[in-house]
Amino acid sequence: MENYINNNQASVVGTVEDELAFNHEIYGEKFYTFTLCIPRLSDAADHIKVMVSERLLSDFPIEVGDSVEIDGQFRSYNSYENGDNRLVLTVFAKDIHVPQEESLRNPNILFLNGYVCKPPVYRTTPFGREITDLLIAVNRTYNKSDYIPVIAWGRNARYTKDFEVGQNIKIWGRIQSRVYQKRLSEEEVVSRTAYEVSVSKLEMGQN
């Protein structure tokens, strides 16, 4: 159990952007989602979905505009909408509290210990920056896994581009959001948000 907790650790600090929305109920426990606005070092910000139990909210009620610190895990689940299967990524809250001064200096921290589950995709941007796209499976309790999209840049991109499926990898980085356009038909284009992990440090683990 301790390994499952330690291989996926997220700590994010930001401002609550929207009202709590009911998501699901399991064994009589209700879960809600909201969006947390997390500042970057630049003027930009990431807008990350958080899932929280009503039991945490009874001890720490939150409202739009509140500044909060969330400790938990970055999880994935499949959502079926209008016949379309989407991978949804959220920070699953295990604790909510008032932000600490130290956390404000680094408001978006994530550690993952998982396994490469698709061949890496190496590419370069129009500006010549090197990127490798990875999909990492992180084991969870009850024989479940979270599937996390990861982006490595520069020398980390070159280092990971030849990783094989099944390779164990440890990643330190941050959760980021990215808005993109998806064409549904010749007439209809919709904006959607993708969530991924931007790597700051990584190392090969032991299989």
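The values are calculated or read from the model by the stated rules, or taken from the named source; none is laboratory data. Everything quoted here is computed from the prediction, not taken from an experiment. Neighbour counts are summed over all protein chains in view; Cβ atoms, including those assigned to glycine, are modelled from backbone coordinates with ideal geometry.
A single member of ILE151, ILE171 is touching a helix residue (DSSP H, G or I) at 6+ places or on another chain (Cβ under 9 Å), outside the structural domain of ILE70 (by TED's automatic domain parsing) and modelled with pLDDT of 95 or more, and it is ILE151. The listed residues are GLU203, GLU164, GLU130, and the only one of them that is among the acidic types (Asp, Glu), touching a helix residue (DSSP H, G or I) at 6+ places or on another chain (Cβ under 6 Å) and surrounded by fewer than 18 Cβ atoms within 10 Å (Cβ to Cβ) turns out to be GLU130.
Close contacts from region 28-39, counting a first residue that is in the same structural domain as ILE175 (by TED's automatic domain parsing) and a second that is modelled with pLDDT of 95 or more and crowded, with 19+ Cβ neighbours inside 10 Å, with Cβ to Cβ under 9 Å and a gap of 6+ residues or different chains, come to none at all. Can we say TYR77 is over 19 Å from the mean Cα position of the chain (by Cα) and of a type in the set (Ser, Thr, Tyr)? Against the criterion (over 19 Å from the mean Cα position of the chain (by Cα) and of a type in the set (Ser, Thr, Tyr)), TYR77 does not qualify.
Restricting region 22-54 to residues that are exposed (fewer than 14 other Cβ atoms within 10 Å of the Cβ) and within 11 Å of ASN108 (Cα to Cα), the residue that is modelled with the lowest pLDDT is LEU41. So, in region 134-155, of the ones that are in contact with a Lys or Arg (Cβ under 8 Å, 6 or more places away or on another chain) and under 15 Å from LEU112 (Cβ atoms), which residue ends up surrounded by the fewest Cβ atoms within 10 Å (Cβ to Cβ)? Ranking the candidates gives ARG140 first.
Right, VAL91: under 17 Å from the mean Cα position of the chain (by Cα), within 27 Å of ASN168 (Cα to Cα), assigned by TED's automatic domain parsing to the domain that holds LYS170 and surrounded by 15 or more Cβ atoms within 10 Å (Cβ to Cβ) or not? The answer is no for VAL91.
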